[in-house]
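The values are calculated or read from the model by the stated rules, or taken from the named source; none is laboratory data. Source: prediction; values computed, not measured. A quick note on method: Cβ atoms are made from the backbone with ideal geometry, for glycine too, and the neighbour counts reach across all protein chains shown. Note: areas computed on protein heavy atoms with side chains; ligands, DNA, RNA excluded. Shrake-Rupley method; radii C 1.70, N 1.55, O 1.52, S 1.80 Å.
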Amino acid sequence: VLANNLVVLLLAWGGVAILLYLMIGLGRPGSEAVANKALVMVGGSDILMLLGAALIYYQTGTLTMSEMSIPLHGTLPVIAFLLLLIGALTKAGAMPFHSWIPDAAEYAPVPVLAFLPGALDKLLGIYLLIRLSLDLFRFSPGSAMSILLMIIGSITIVAAVAMALFQRNLLKFLGFSTVSQVGYMVLGIGTGLPIGILGGLFHMVNNVLYKSCLFMCGGVVEERTAELNLEKLSGLSKIMPVTFAAFLISS
């Protein structure tokens, strides 16, 4: 977040991917495969981001982000934008680069879920998307890239909610809900309008607060009941009133 050099940002970004891999792998049996999947998806998008950075350097002769303002006209700028966009969307968990998040929700330790997919990865992914749209490229409302982002955001909202409705695992349900919320952020930023961008940023902070609490409440339910199947969980408000209150407020 503090880097002004694109390569420094990408190196630190890759460091977060390695930590993500290690922390997911601390979970329940089966978490190793999920950690590998997350590393392949996030790491693969990191490689695409490096290619995008190389194209930006080829066009501008600089890697200092504060000196960039690339018009989104022509093949190379659009390709560079799309390559960096894939990295941002994969980290944030927007469709179609979302599948590692619900899997991680099912197998990773609950504190890791609250910290990484639920909070830190959202902040990083949406932060990079904001920098792409406002600083590195000249992003105008109604442009092809603006419409693309709004389409991705809209599909993510609807499709992820539809998938969440079919989940029986509480944490996986919350994982798909997390993916859906990213759609609102991407949609707001994709408008290119100040009120839309502010709405996306506000919901980013909002989501970090309530989604972290929801994951933690899910972890408390699992700790007390040794059960995550929604069809088998009922009547917990009487024996877990504090957790119920926190879950209700967050919901």
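Counting only protein heavy atoms and using a 1.4 Å probe, the accessible area of PHE139 comes to about 30 Å².
Of VAL182, VAL42, VAL78, the residue with the greatest mean-square motion in the GNM of the chain, using alpha carbon springs below 10 Å, is VAL78. Which percent of the accessible heavy-atom area of the stretch 87-178 goes to carbon and sulfur, probe 1.4 angstrom? Carbon and sulfur: 74 percent of the exposed surface of the stretch 87-178.
Normalising the Debye intensity of the stretch 96-229 to I(0), with uniform scatterers on Cα atoms only, and taking log10 at q = 0.11, 0.14 Å⁻¹ returns -0.40, -0.61. Between CYS213, LEU55, THR90, the Cα set farthest toward the positive side of the dipole of the chain (charges on each charged residue's Cβ, about the Cα centre) is that of CYS213.
Mean separation of Cα pairs under 8 Å and 6 or more residues apart, divided by the residue count, gives the stretch 127-215 a relative contact order of 30 percent.
Annotation: amide H of ILE70 within the under-5 Å range of PHE137, ARG138, sequence separation 5 or more or interchain, hydrogens built in the peptide plane. Work out the P(r) tail for the stretch 1-45: percent of alpha carbon pairs separated by more than 14 Å, whole number. Tail of P(r) above 14 Å: 51 percent of Cα pairs. ILE126 exposes around 0 Å² of accessible area when a 1.4 Å probe is run over every protein chain in place. Taking the Cα centroid of the stretch 1-53 and of the stretch 71-102, what is the distance between the two, rounded to the nearest whole Å? Comparing the Cα centres of the stretch 1-53 and the stretch 71-102, I get a distance of 15 Å. Each stretch of four or more DSSP H residues adds -39500 (n - 2.57); spread over every residue of the chain, this sum gives -24000 deg cm²/dmol at 222 nm. Shown in residue order for the stretch 133-149 are the 3J(HN,Hα) couplings computed by the Karplus curve 6.51 cos²θ - 1.76 cosθ + 1.60 at θ = phi - 60°: 6, 9, 10, 6, 10, 8, 9, 10, x, x, 6, 4, 5, 5, 5, 4, 5 Hz (x for Gly and Pro). For the stretch 50-185, relative contact order (Cα pairs under 8 Å, six or more residues apart, normalised by length) works out to 29 percent. A probe of 1.4 angstrom, applied to the heavy atoms of all protein chains, finds GLU32 with accessible area near 110 square angstrom. Mind telling me which of LYS238, LYS91, LYS37 comes out most flexible in a GNM of the chain, alpha-carbon contacts under 10 Å? Fluctuation is largest for LYS238.
For the chain, the solvent-accessible area works out to 45 Å² per residue, with a probe of 1.4 Å and every protein chain left in place. Taking the C-alpha atoms only, the angle from helix 241-250 to the longest principal axis of the chain is near 30 degrees. Sorting the Cα pairs of the chain by distance into bins of 10 Å, from 0 upward, gives 8, 31, 34, 18, 7, 2, 0 percent per bin. For the stretch 188-251, taking the reciprocal of the average inverse distance between every pair of different Cα atoms yields a Kirkwood hydrodynamic radius of 13.6 Å.
Couplings 3J(HN,Hα) of the stretch 203-219, computed from phi: 5, 4, 5, 4, 5, 4, 5, 7, 6, 4, 5, 5, 4, 5, 5, x, x Hz, in residue order, whole Hz [Karplus 6.51 cos²θ - 1.76 cosθ + 1.60, θ = phi - 60°; x for Gly and Pro]. Distance distribution P(r), the stretch 12-135, all Cα-Cα pairs, bin width 10 angstrom from 0: 14, 44, 26, 13, 3 percent.
Ordered from highest to lowest accessible area with the whole protein assembly present and a 1.4 Å probe, LEU120, LEU10 read as LEU120, LEU10.
Residues whose amide H falls under 5 Å from that of ASN5, counting only those 5 or more places apart or on a different chain, are MET65, with hydrogens built in the peptide plane. Per-residue accessible area (protein heavy atoms, 1.4 Å probe) orders TYR184, TYR21 as TYR184, TYR21, starting from the largest. Dividing the radius of gyration of the alpha carbons in the stretch 56-127 by their Kirkwood radius gives 1.12 for Rg/Rh.
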